[in-house]
Amino acid sequence: MKLKMPNLTCRTPDAKLRADALVLPIVVKSGKPQVPGGLSYGADVDERLAELKAAYHGVATAGAIDSQVLPGKARFKRLVLLCVSDKGELTTHSIRNAAGTLVSWCRTNAVAQIAIHATDMPAPTDSDEAGVGQLAEGILLASFKYGPDHSEPGKPDQDLDRVTIAIDGRKLKKAKAEAAHGEALAEGANIARFLGHEPPNVIHPESLATRCRALAKQYNLKIRIIDDKQMQRDKMGAFLAVGKGSASKPRMIILEHTGGAAAAKQKPVVLVGKAVTLDTGGYSLKPGASIPDMKYDKQGGMAVIGTLLAASRLKLKRRIIGIVGAAENMISGDAYRPGDIITAYNGKQIEVLNTDAEGRLVLADCLHYGEKTYKPAAMIDLATLTGAVEVALGHHCAGLMSTDDGLANALLDSGCRTHERLWRLPLWPEYREQLQSIDADIKNIGGRPGGSITAGMFLKEFVTDKTPWAHLDIAGTATISKPTPICPIGATGFGVRLLIDYLSR
């Protein structure tokens, strides 16, 4: 993998500090910038700062930037005022977005190295932290790039190379911890994005398993791979059916973060992710124009991988199991068909009415395996499962369905804290009636009405009432077609930061 992120450090603002730009995060209230104190960068910087402050044009939007070129002898080439509040309100979300906009400004202004003066920066209203973690997180998320440079020929964009967060010595230890936390979150999300962007000729079930072996070794995770032959012996008929049409056979990839000795006696939290590396729809074929983007149908599984990697970096004292269900939904003489009746791992017979409702079949066997094998304290699955949830909720939040109010509320809270927001949908028994089959125990689709909910009801059949379970339908949030300050077009890595927040608490 060619994942590149800027080198990030925290240090005191001493006389040795050098950079292409000195960045001062500011809060703007009533059109006036509140500039942090504690500066010790020399008279030339102080003089230009006074000029910038006096001339500030009053924009109170997160990411608004005013800058000035400094004299040639100065330690910094530019002085930058970066608004980190939005309409006067300082939040973790506004800090992340401002930091992301700063990265874009650095690219277009050929700034490779920056120093951010974070001493005396006000704390966000929605966090106990000082905002250093969100600065790091936003910068590193916004630095993500996949593929070749598409800038103007002969004028390549300058990637941000080094970020120094300058902070008072009394706050340095805490700042370093916050920055490391933000860095781990961004790295996990960026790896999920990178894997998401990888095309289906590069990432298929077998190559994904190989990639995960290397990541497990790098991040000190345990790993187990269940191949198609073992699935056949264990009678995982639902999972196997989806992958039958592909030359690359399905794989169940199991990653484990042990959490240390204290976590050994705990029941684990099991995370389950759908990783359909390409979804053609099978014999219920998708329109041709939509198939290329179906490489992103693996984003639930990529979020699980990214979460396990971040948990390992953060040394979370909790045992976490990640189960990634990897299959490729293709057409061939061996592929499963509409009208087939298949038997899942838990023994239930499923009538297949639509081969494009394949993700729930993969998840069905993964969920049953996760509960049966690990007897978890809680189980959460993530999947780009239905277009219906995108119609209902758009691209600003994911659908949440759960059998446990405590688990659901904890995830909702984490969604608000990380701005990876969720909206809870019901799992009322009336929706189960839409899945009733005459010839089998259950149908794999329940018709158009309540499509995302009936998909959740289908998954519920494969988790017993003993286990608190939540399903996150991320079909509307796993990718974006319009860039944001912290994410380019394509895979978003949605779910990594949310799950780490939940697991940390």
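Where a number appears in this text, it was derived from the coordinates with a stated rule and is not lab data. Because the structure is predicted, anything quoted here is derived from the model rather than measured. Methodologically, a virtual Cβ is constructed for each residue, glycine included, from the backbone with ideal geometry; neighbour enumeration extends over all protein chains shown.
So, in Å, what gap is there between the alpha-carbon centers of the stretch 486-505 and the stretch 29-58?
Cα centroid to Cα centroid, the span is 34 Å.
Pairs of alpha-carbon atoms within less than 8 angstrom and 6+ residues apart define the contacts here; what relative contact order does the stretch 356-473 have, in percent?
Rounded, it is 41 percent for the stretch 356-473.
To the nearest 20 debye, what charge dipole does the chain have about its Cα centre, counting +1 at the Cβ of each Lys and Arg and -1 at the Cβ of each Asp and Glu?
The calculated dipole for the chain is roughly 1520 debye.
For TYR283, TYR369, what's the fewest-to-most ordering of other Cβ within 10 Å of each Cβ?
The order, fewest Cβ neighbours first, is TYR283, TYR369.
The stretch 403-468: D in µm²/s via Stokes-Einstein (Kirkwood Rh, Cα pairs, 10 °C, 1.306 mPa s)?
D, rounded to a whole number, is 119 µm²/s.
Report, in cubic angstrom per residue, the convex hull volume of the C-alpha atoms of the stretch 7-167.
Enclosed volume per residue, from the Cα hull, is 115 Å³.
Quick one: Kirkwood hydrodynamic radius for the stretch 383-505, alpha-carbon pairs, angstrom, one decimal?
It works out to 15.2 Å.
Considering only DSSP states other than H, G, I, E and B, which trypsin sites (Lys or Arg not before Pro) in the stretch 23-122 qualify as loop sites with at most 12 other Cβ atoms within 10 Å?
LYS73, LYS87
Ranking ILE225, ILE321 by Cβ neighbours within 10 Å, fewest first, what do you get?
Final ranking by Cβ density, sparse to dense: ILE225, ILE321.
Can you check what the net charge comes to around SER437, using other residues whose Cβ is under 13 Å from the Cβ of SER437 (Lys, Arg +1; Asp, Glu -1)?
Result for the neighbourhood of SER437: -3.
Please tell me which of these pairs span more than 30 angstrom C-alpha to C-alpha: LYS295/LYS466; LYS176/LYS298; LYS298/LYS460; LYS244/LYS460; LYS73/LYS174; LYS87/LYS174?
LYS295/LYS466; LYS176/LYS298; LYS73/LYS174
Do you know the relative contact order of the stretch 1-118, to the nearest whole percent, from alpha carbon pairs under 8 angstrom that are 6+ apart?
34
Given an 8 Å cut-off on Cα distances and at least 6 residues of separation, report the relative contact order of the chain as a percent.
Computed over the chain, the figure is 15 percent.
Just report the Cα centroid separation between the stretch 75-92 and the stretch 316-379, whole Å.
47
What whole number of Å gives the distance from the Cα centroid of the stretch 188-254 to the Cα centroid of the stretch 400-443?
Taking the Cα centre of each part, the stretch 400-443 and the stretch 188-254 sit 26 Å apart.
Hey, got a sec? Which trypsin sites (Lys or Arg not before Pro) in the stretch 424-495 land in a DSSP loop and have at most 14 other Cβ atoms within 10 Å?
LYS466
Please report the base-10 log of the normalised intensity I(q)/I(0) for the chain, using a Debye sum with one equal scatterer per alpha carbon and no solvent, at each q in 0.07, 0.13, 0.14 (1/Å).
Reported log10 I(q)/I(0), two decimals: -0.40, -1.15, -1.28.
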